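Colleague: This is the structure I want to talk about, given as structure tokens.
Laboratory data are not the source of any read-out in this text; all were calculated from the coordinates shown. All figures in this text were calculated on a predicted structure; none of them were measured in a lab. Methodologically, a virtual Cβ is constructed for each residue, glycine included, from the backbone with ideal geometry; neighbour enumeration extends over all protein chains shown.
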Amino acid sequence: MKLEGKVALVTGTSPNIGGGIVEGLVAEGAAIIAVDAVDANALDCANAVKAAGGRAIGVTCDVTDEAQVKHAVDAGLDAFGQIDILVNNAAIFNKKGVVEMSYAEWQRQTSIILDGAFLFTKYVSAGMIDRGHGVIVNIISTAGHQGEPGNIAYSTSKGALMNFTRSAAMELVGYGIRVVSMTPTATDPDEQFERGRRWGRDVTAPPGLSDAMANFAKRIPMQRLPKPSDYGRAIAFLVSDDAAMITGSDLRVDAGAVARYWAWDPRDPL
Ligand SMILES: NC(=O)c1ccc[n+]([C@@H]2O[C@H](COP(=O)([O-])OP(=O)(O)OC[C@H]3O[C@@H](n4cnc5c(N)ncnc54)[C@H](O)[C@@H]3O)[C@@H](O)[C@H]2O)c1
């Protein structure tokens, strides 16, 4: 296993993408500090890891609150003695454009995505610097690569998070710390409900979700959407020594979405 003896702190551990990332890291032997503002998402995720024989703790924390971030990092260090891997994954969705979005909503969404990554990188990298190694992964979105109408705070902060990745990579490279990002895209909805049920939740997909996601799948070059487990395997690679020479890079796990020539539609080739 590639991550035996490593400890990973992952923020935003819902049964969707955060849960998939955690499972990908656990499959390679990592212990987990599951951090979420929602108690149940931190604790259910950690309990699922432990039920499967792994090591984990869940910590409730708002990633925008500096004192809570320090507490979460300390709780992880108290439990495991080290943090080798940080995945900044917490985010909220609020599809609004610059005209209708309030300033308070802009501040909240950009803060969760950017301040959260800043604070966790700041406090986790301190221990990584002392130990002379570590890997930090920031979760982007294809919306951070392109101009998406009606999603102003999200797409702006995801684009900024990509350059935070490059800047932090340059700043930390001399300490043996790699900083990379991974870009997911519209995600196959089924796995999150299956994972939620495995976590003991009574969940079913809302009506219309499958049809909406099927429409996304028709427009993507591979004609099918990635699953959280696809992201989990990609991140396990990125944080492993197999990726030892990769820093400041973004790995797109997007079924070809960003590479697509703008005028080409897979349903109706030019
Ligand atoms: N779902 C998609 O289609 C998609 C596509 C591209 C990128 N992404 C990115 O993947 C990541 C995970 O998305 P998801 O779909 O699993 O979302 P999700 O809503 O299922 O999970 C996000 C988690 O972050 C937590 N969170 C929100 N605000 C927080 C805060 N202030 N402090 C701590 N935790 C907080 C939520 O409680 C939740 O558990 C996000 O960074 C998102 O931008 C998602």
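Colleague: Counting each DSSP H run of 4 or more residues in the chain as -39500 (n - 2.57), what helix-only mean residue ellipticity at 222 nm follows after dividing by all residues, to the nearest 500 deg cm²/dmol? Present the calculation step by step, with values, prior to reporting the outcome.
Modeller: Working: 9 runs with 115 residues, N = 270.
Helices in the chain give a 222 nm mean residue ellipticity of -13500 deg cm²/dmol.
Colleague: While we're on this one: Please grab the % of Cα pairs in the stretch 1-132 that end up more than 18 Å from each other.
Modeller: It works out to 51 percent of all Cα pairs.
Colleague: Rank these for me by crowding, Asp265, Asp44, Asp211, going from fewest to most other beta carbons within 10 Å. Walk me through the numbers on the way to the answer.
Modeller: Values: Asp265 13, Asp44 24, Asp211 8.
Fewest-to-most Cβ neighbours within 10 Å comes out as Asp211, Asp265, Asp44.
Colleague: Can you divide the C-alpha Rg of the stretch 138-227 by 2.2 N^0.38 Å and report the result to two decimal places? Write down the numbers at each step before the final one.
Modeller: Values: Rg = 16.8 Å, N = 90, 2.2 N^0.38 = 12.2 Å.
Working it through for the stretch 138-227, the quotient is 1.38.
Colleague: Still on this model: For the chain, calculate the relative contact order in percent as a whole number, restricting contacts to Cα pairs under 8 Å that are 6 or more residues apart.
Modeller: Details: 541 pairs, mean separation 53.6, N = 270.
Once divided by the residue count of the chain, the mean separation gives 20 percent.
Colleague: Also, I was wondering about something else. Using 17 Å as the cut-off for backbone N distance, which residues of the stretch 1-26 belong to the label zone defined by a point 7 Å from the Cα of Asp242 along Cα→Cβ?
Modeller: Counting only backbone N, you get 1-6, 21-26.
Colleague: Counting alpha carbon pairs within less than 8 Å and at least 6 residues apart, what relative contact order, in whole percent, applies to the stretch 78-179?
Modeller: Details: 136 pairs, mean separation 35.5, N = 102.
Reported relative contact order: 35 percent.
Colleague: Which order do Met101, Met222 fall in if you start with the one that has the fewest other Cβ atoms within 10 Å?
Modeller: Working: Met101 17, Met222 12.
Least to most surrounded, the residues fall as Met222, Met101.
Colleague: Here is a follow-up. Give the lysines reachable from Lys50 as a straight Cα distance under 25 Å; neighbours fewer than 8 places away on the same chain don't count.
Modeller: Once the sequence-local lysines are set aside, what remains near Lys50 is Lys2, Lys6, Lys70, Lys227.
Colleague: In addition: How long are the semi-axes of the ellipsoid equivalent to the stretch 1-52, from square roots of 5 times the Cα gyration tensor eigenvalues, in whole Å, largest first?
Modeller: On the way: eigenvalues 63, 19, 17 Å².
Values for the stretch 1-52, descending: 18, 10, 9 Å.
Colleague: Students often forget the sequence filter, so: which aspartates and glutamates lie under 17 Å Cα-Cα from Lys95 once same-chain residues fewer than 8 apart are removed?
Modeller: The qualifying aspartates and glutamates are Glu105, Glu148.
Colleague: So what's the projected area for the stretch 7-252, the Cα convex hull averaged over all directions, in nm²? List each step's numbers first, then the result.
Modeller: Values: hull surface 52.0 nm².
If you wrap the Cα atoms of the stretch 7-252 in a convex hull and average its projections, you get 13.0 nm².
Colleague: Hey, with R₀ at 41 Å, roughly what FRET efficiency would Asn47 and Met170 work out to, going by the Cβ-Cβ distance, to 0.05? Walk me through the numbers on the way to the answer.
Modeller: On the way: r = 38 Å, r/R0 = 0.94.
Efficiency, rounded to the nearest 0.05: 0.60.
Colleague: Could you let me know the centre-to-centre spacing of the stretch 20-86 and the stretch 113-176, using Cα atoms, in angstrom?
Modeller: 19
Colleague: May I pose another question? List, in order, the whole-Hz ³J(HN,Hα) value for each residue of the stretch 67-80 obtained from phi through the Karplus relation with A = 6.51, B = -1.76, C = 1.60 and θ = phi - 60°; use x for Gly and Pro.
Modeller: Residue by residue, the stretch 67-80 yields 5, 5, 5, 4, 4, 5, 5, 4, 4, x, 5, 4, 6, 10 Hz.
Colleague: I would also like to ask the following. Applying 1/(1 + (r/R0)^6) with R0 = 25 Å to the Cβ-Cβ distance of Asp74 and Asn94, what FRET efficiency is obtained, to the nearest 0.05?
Modeller: On the way: r = 31 Å, r/R0 = 1.23.
Computed FRET efficiency for Asp74 and Asn94 comes out at 0.25.
Colleague: Still on this structure: I need to check one value: relative contact order of the stretch 134-270, counting alpha carbon pairs closer than 8 Å and at least 6 residues apart, in percent. Don't jump to the answer; show the numbers that get you there.
Modeller: Working: 200 pairs, mean separation 41.8, N = 137.
After rounding, I find 30 percent.
Colleague: Give me Asp188, Asp39 ranked fewest to most by other Cβ atoms within 10 Å of their Cβ, as a rough exposure proxy. Before the final figure, lay out the partial values.
Modeller: Details: Asp188 18, Asp39 11.
By the 10 Å Cβ count, ascending: Asp39, Asp188.
Colleague: With each label point set 7 Å from Cα along the Cα-Cβ vector, what nm distance links Glu194 and Ala67?
Modeller: 4.3
Colleague: Label Trp264 and Ser210 with points 7 Å out from Cα along Cα→Cβ: what is the distance between them in nm?
Modeller: 3.1
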